[in-house]
1. Exactly one of these conditions fails for SER352: (1) open to solvent by 20 Å² or more (accessible area, probe 1.4 Å); (2) touching a helix residue (DSSP H, G or I) at 6+ places or on another chain (Cβ under 8 Å). Give me its number.
2. Look through SER378, SER366, SER413 and report the one residue that is among the polar types (S, T, N, Q) and surrounded by fewer than 22 Cβ atoms within 10 Å (Cβ to Cβ).
3. Looking only at residues that are out of contact with any helix residue (DSSP H, G or I) (no Cβ under 7 Å at 6 or more places or on another chain) and outside any loop (DSSP other than H, G, I, E, B) in the range 263-278, which one is nearest to GLU222 (Cα to Cα)?
4. Looking at LEU383, LEU454, LEU431, which one is in contact with a helix residue (DSSP H, G or I) (Cβ under 9 Å, 6 or more places away or on another chain), at pLDDT 95 or above and open to solvent by 20 Å² or more (accessible area, probe 1.4 Å)?
5. Any residue that is open to solvent by less than 10 Å² (accessible area, probe 1.4 Å), touching a residue at least 12 places away in the same chain (Cβ under 8 Å), within 22 Å of GLY216 (Cβ to Cβ) and assigned to a helix (DSSP H, G or I) - is there at least one of those in the range 416-428?
6. Is it the case that some residue within the range 436-444 is assigned to a helix (DSSP H, G or I), under 21 Å from VAL359 (Cα atoms) and modelled with pLDDT of 95 or more?
7. Of everything in the range 334-349, what is within 22 Å of the chain's Cα centre (by Cα) and open to solvent by less than 20 Å² (accessible area, probe 1.4 Å)? Give them in sequence order.
8. Filter the range 231-250 down to the residues that are surrounded by fewer than 24 Cβ atoms within 10 Å (Cβ to Cβ) and touching a residue at least 40 places away in the same chain (Cβ under 8 Å), then identify the one that is nearest to GLU459 (Cα to Cα).
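The values are calculated or read from the model by the stated rules, or taken from the named source; none is laboratory data. Everything quoted here is computed from the prediction, not taken from an experiment. Glycine gets a Cβ as well: all are built from the backbone with ideal geometry, and neighbour counts include every protein chain shown. Areas reflect the complete protein model, heavy atoms only, side chains present, ligands, DNA and RNA absent. Shrake-Rupley method; radii C 1.70, N 1.55, O 1.52, S 1.80 Å.
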Amino acid sequence: MSVQEYLEKHLLSRKIEDAVNAAVRAKTPDPVLFISNHMKKAVPSVITKIHARQILDSRGIPTVEVDLQTNKGTFRASAPSGDVTGMYEAVELRDGDKGVYLGNSVMRAVKNINEKISEALVGMDPTLQSQIDQAMIDLDKTEKKGELGANAILAVSIAACKAGAAEREIPLYKHIAELFGNTSLTLPVPAFTVISGGKHAGNNLAIQDIMILPIGANRFDEALQMGSETYSHLKAVITEKYGIHGCNVGDAGGFTPNISSVQEGLDLVKEAIARTGYKDRIKIAIDVAATDFCIGTKYDLDFKTPNKSGQNFKSGEDMIEMYKELCADYQVVSIEDPFDKEDWEHIKYFSSLALCQVVGDGLLMSNPKRVERAIRESTCNALLLKVNQIGTVTEVFEVVRLAKDAHWGVVASHRSGETEDSFVADLAVGLGLGRIKAGAPCRGERVAKYNQLLRIEEEFGDNMSYVGEDWRSI
């Protein structure tokens, strides 16, 4: 085949002429680079390769990372992981060989991506998110993604979302917003973990997290400053009272002083806030994770204290009285999982008191059926959104739409096992969520999310507002 025949067969003469004309009109100082980029844009992008590998998350436990390639580049994503997989959430696929990473290796999930998912998706348009996600769901054929693994499917779904944004030459958060149908882009209030307990820390505190919400900030960068300064003051407060060993941190970066009551922890946080001078501009939230210390119908707040455990059980009614006091005495504005995941009766009654926002995490597990029931029964008024509990970006959209249609708040959440992937930050902005829970303002895998929000704010400038005082309603 001659050069001329080759040019004619692939219509290259016309395409090259169009690119040269565009370069002339643009008066570009670098015509070669301009023409090269122009030619790339003329070629519709498709997925050309998907490769997965096993990496470690922030706890040193294996998880899945994916590189998805198109002619626009390589797009990387990884799957976060919780400390347990609930019975109502999508299933992580792990190898189970106790001789390798104590059974936590994910090489089966990696193999599923490299062999099965890759074969199914290569050649697809990365902008067609719902079709990509549906192809993986159809390939898996199980309700909870147990065949291919939710960790495998999610990592590919996120990588495809990033590739779709690149193909459309728009930021990831804007691509997410347009896929979801959101026209109001806002920056969420960060819920900074400052004290950790429960199963995420080695102290005697039963509840899982004490968090601060800088709702009085005017911009996200100011909110981040307020959170960081309060965190630093809290370190000083803890050091003065418990010594420097009290400043060890849990999975999410919260300090772990050896306290045994939530009131003791809240007193420390109140003192730190007072030292900053921010006062009422910062509010307090708690994640109780009550399922972890529920025994039958009772709650053991001393379950981590060997010589006290089992001696001070609280009924659901006792817990409600405690929460009333916390809301009144410490201005707690949000309580997550105040009761066991199956204790619908007490959660519903507590929500009806309207003392604070009541967030469903273990209660809902981001499961649409559980969310629908909670909406129908008015059980809580906010959803904690964990993308790995669902398994695809498209299904995330669906469960968020359910919550928003019910006028619930939605909190975008990290997991205890995180990576440096900042997708959840773009997701929170794209979906227009009121709050993001990404851990303490320290540790690289946590700060990665907050730093991405800084970049988004800088890019959008004054055209994107910080949610602030309106955090409950979005």
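1. Answer for SER352: the failing condition is (2).
2. Details: SER366 fails: surrounded by fewer than 22 Cβ atoms within 10 Å (Cβ to Cβ); SER413 fails: surrounded by fewer than 22 Cβ atoms within 10 Å (Cβ to Cβ).
Going through SER378, SER366, SER413 in turn, just one is among the polar types (S, T, N, Q) and surrounded by fewer than 22 Cβ atoms within 10 Å (Cβ to Cβ): SER378.
3. Quick first cut of the range 263-278, residues out of contact with any helix residue (DSSP H, G or I) (no Cβ under 7 Å at 6 or more places or on another chain) only: 263-265, 267, 274, 277.
Cutting the leftovers down to outside any loop (DSSP other than H, G, I, E, B) gives us 263-265, 267, 274.
Values: GLN263: 28, GLU264: 28, GLY265: 25, ASP267: 24, ALA274: 17 Å.
For the range 263-278, the residue satisfying everything is ALA274.
4. Details: LEU383 fails: open to solvent by 20 Å² or more (accessible area, probe 1.4 Å); LEU431 fails: open to solvent by 20 Å² or more (accessible area, probe 1.4 Å).
It is LEU454.
5. yes
6. Residues of the range 436-444 that are assigned to a helix (DSSP H, G or I), as a first pass: 444.
With under 21 Å from VAL359 (Cα atoms) added as a condition, the list becomes none.
No, the range 436-444 contains no residue that is assigned to a helix (DSSP H, G or I), under 21 Å from VAL359 (Cα atoms) and modelled with pLDDT of 95 or more.
7. SER334, ILE335, GLU336, ASP337, PRO338 - these are the residues of the range 334-349 that are within 22 Å of the chain's Cα centre (by Cα) and open to solvent by less than 20 Å² (accessible area, probe 1.4 Å).
8. TYR231
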